[in-house]
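A.B. asks: Dumping the structure here so I can ask a few things about it.
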Amino acid sequence: MLKPKKKILKKEIKKDPVLEKISQVEHYVRDKGKFLSYVLLAALVILVLSIAMIRSKSKANQEAAGELGIAEMALAVGDVENAIVQFEALIDKNPGTKSAGMATLMLASSYMSKDDFENAEINYRKYIYDYGDDDMFVAAAYNGLGVCLERIGEQQQAAEYFEIGGKKSPYVFLKYECYFNAARNYISVKNIEKAESVLKKIPAEELDAKYKTDYDVLNAKVKVLKG
């Protein structure tokens, strides 16, 4: 007798290791203000480098990917300042390549690790406008942009960027992260209607325990504020 097939939940599909690492980094920066460790960041760059090389066969991209790897080595030993210099040099030398796009995204996150939200914001925007042809990375950039705005007290604008990230993301884990971030910031500026609207985009019955707790807390806050 054939065994019944296991039902695959939506939350189990469309997961990307690079975006998952980016989401983890942004989440930690929001909560703690610092990266968990340079090891995690180095692992992220390795994953990004692999994807950049796989997705492009052009010589220019392969050379730029090698330079991205050198910048990753600087991060691996905790030399963030040197890594930033190398990311910027790569971007200037190889404009338009996928590796330059990844370097821009990583440069933004590197600046955020230093609490330099101005330069982080500049580079997240640069990635969106100059390299934003891949929805998964665009969504990650909008999420990062939202973190920057939230950290400098611009909660309304942060919420709007988080919401855009949620709409853009083809990956449910990042989509939920963005929507939770958006709802939290809408609540902070008492925009209850928008907060409620964003939460309705999240299927509560499909959430795992961690996300379900976050959902319940935010939903309870909305109900209290509505009176």
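A.B. asks: How much length, in nm to one decimal, is gained on full extension between I70 and D130, taken as 0.36 nm per residue of separation minus their Cα-Cα distance?
C.D. replies: Result: 19.3 nm gained on full extension.
A.B. asks: Of all the C-alpha pairs in segment 83-188, what % are more than 18 Å from each other?
C.D. replies: Value for segment 83-188: 46 percent of Cα pairs lie more than 18 Å apart.
A.B. asks: Same structure, new question: GluC sites (Glu not before Pro), restricted to segment 146-227: which are DSSP loop and have at most 15 other Cβ atoms within 10 Å?
C.D. replies: Loop-located and lightly packed - none at all.
A.B. asks: Over segment 107-158, what per residue volume does the convex hull of the Cα atoms give, in whole Å³?
C.D. replies: 63 Å³
A.B. asks: What are the ³J(HN,Hα) values, in whole Hz, obtained from phi via the Karplus relation 6.51 cos²θ - 1.76 cosθ + 1.60 with θ = phi - 60°, for each residue of segment 134-146 in sequence order, with x given for Gly and Pro?
C.D. replies: 10, 4, 5, 7, 4, 4, 5, 5, 5, 5, x, 4, x
A.B. asks: Taking a 27 Å limit on the Cα-Cα distance, which of the listed pairs K93/K167; K126/K200; K114/K221; K201/K223; K167/K221; K200/K226 fall beyond it?
C.D. replies: K93/K167; K126/K200; K114/K221
A.B. asks: Ordered by packing density, taken as the mean number of other Cβ atoms within 10 Å over each peptide's residues, highest first, how do 115-125, 137-147 rank?
C.D. replies: 137-147, 115-125
Computed from the coordinates by the stated procedures, all read-outs in this text should not be read as laboratory data. The model shown is predicted, which means the values in this text are computed figures rather than measured ones. A quick note on method: Cβ atoms are made from the backbone with ideal geometry, for glycine too, and the neighbour counts reach across all protein chains shown.
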